[in-house]
Amino acid sequence: MKKNIRSVIDILDLSKREVEELMDTADAIEADPAAFSEVCKHKQLATLFFEPSTRTRLSFESAMLSLGGSVLGFSSANSSSAAKGESVSDTIEVVSNYADIIAMRHPREGAAFVASQHSNVPVINAGDGGHFHPTQTLADLLCIRRKKGKLDGLTIGICGDLKYGRTVHSLIDAMQRYEGTRYVLISPKELRLPAYMTDKLRAEGADFEEKLELESAIPELDVLYMTRIQKERFEDEAEYQRLKDSYVLTIDKLEHAKKDLCIMHPLPRVNEISVKVDEDERACYFYETYCGKQMRMALIMKLLGLSGAAPLCEEEHKAEKAPAKIYEGIGECPNNACISKTEQELPARFELVDEKEHIYRCIYCDALVKLES
């Protein structure tokens, strides 16, 4: 493992105070963008996107260019040595010699974590399978704070694909830090929030309920976070076709919604929000993308330790992310999308979650498994 390199793989890699500071920096960028136009002069960002992306990749590139830096990278696995079978670790060992910071998206869950263990420079997780997407969450938090004026005491409805929705998982983790947060989790049974997430919410005493119907939940919501049913995460085409139109938000369904409801979506949208909703002043999903660029600018500066951003709080980070005892050679990860299934000579590794029941958590993808140690 590389030493003294701070990466952001999970939103919880940033303390609550650091997230607040990032939002404050984003507000400063909003007020005077010219003041930040040369902060990253002579710095290079590598964008390594092993699966398709429009908003996230272009947002990172635009952020770096707006800071006066430059960008290199690729936009699909087919245009990289991954097509030849190169491992993530080898790719990162090489690329981290060319750039000052890396933003990486990969279809394998835990790939960004593996990358961070082999990089000489900070790695930002731009999405790893259905696992985490911390910079989308930073965009979401800034959008909510600006539109609602606060982040505590909110009822948040999250609708659609909660099983594979990496933006959902990161947003829930982030909002757990704010008092009075209540979640209404709306999804088909097949796309419910993963067990490791609901178990964690219960353990933390979170206020949440799971629902099958969207309409009945809307009147109580302060924020409605819509997500698409993700075709690329399904192994069974028939299952996707059956579930893809489970929820569609229309103007009619907003009749009894709060006047200041904040309607969000990480995008891309397929048909889960009618285009007629775009004209409603409560529609905030395109504004989210604007917030995303500013938050990525703030994060790049923070990770590079450049002027205009508060320094990273390493001791605070260590306190919130206490090291866990890791077990190896006790079984295989049950998640077929885990990076441990494909990365060369990468052993399955687990953290003990429940000693009595022998429940372990994969350190790469967070999948839970019952093993005998």
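The values are calculated or read from the model by the stated rules, or taken from the named source; none is laboratory data. This structure is a prediction, so every number in the text was calculated from the model and none was measured. Here the Cβ is made from the backbone with ideal geometry for all residues, glycine too, and neighbour counts use every protein chain on show. The protein model used for the area step is the full one, side chains on, heavy atoms only, and it has no ligands, DNA or RNA in it. Shrake-Rupley method; radii C 1.70, N 1.55, O 1.52, S 1.80 Å.
Run the 1.4 Å probe and let me know the accessible area of Phe208, rounded to the nearest 10 Å².
For Phe208, the solvent-accessible surface is approximately 40 Å².
Can you list the equivalent-ellipsoid semi-axes of region 321-373, largest first and in whole Å, using the square root of 5 times each Cα gyration tensor eigenvalue?
18, 12, 10
Keeping all protein chains in place and using 1.4 angstrom, which order do Leu201, Leu368, Leu267 fall into by accessible surface area, from largest down?
Leu368, Leu267, Leu201
Give me the percent relative contact order of the chain, please, defined on Cα pairs under 8 angstrom at least 6 residues apart.
Over the chain, the number comes to 18 percent.
Grab the alpha carbons of the chain, take their convex hull, and tell me the volume per residue in Å³.
Considering the Cα atoms of the chain, their hull volume per residue is 138 Å³.
Calculate what fraction, in whole %, of the accessible area of the chain sits on carbon and sulfur atoms when a 1.4 Å probe is rolled over the protein chains.
On the way: 7760 of 16360 Å².
Within the chain, the accessible surface is 47 percent carbon and sulfur.
Given the options Ala63, Ser187, Pro268, identify the residue whose Cα lies farthest towards the positive end of the charge dipole of the chain (+1 on Cβ of Lys, Arg; -1 on Cβ of Asp, Glu).
Value computed over the given set: Ala63.
Provide the net charge surrounding Tyr196, with neighbours chosen by a C-beta distance below 10 Å and charges set as Lys +1, Arg +1, Asp -1, Glu -1.
0
Going through the DSSP H helices of the chain, which span 24 Å or more along their own axis at the Cα atoms while scoring at least 0.0 as a mean Kyte-Doolittle hydropathy?
285-304
Rolling a 1.4 angstrom probe over the protein heavy atoms, how many square angstrom per residue are accessible across the chain?
Heavy-atom SASA per residue in the chain reads 44 Å².
Considering the options Tyr225, Ser53, Pro134, tell which one lies farthest towards the positive end of the dipole of the chain, charges being +1 on Lys and Arg and -1 on Asp and Glu at the Cβ, about the Cα centre.
Of the listed residues, the answer is Ser53.
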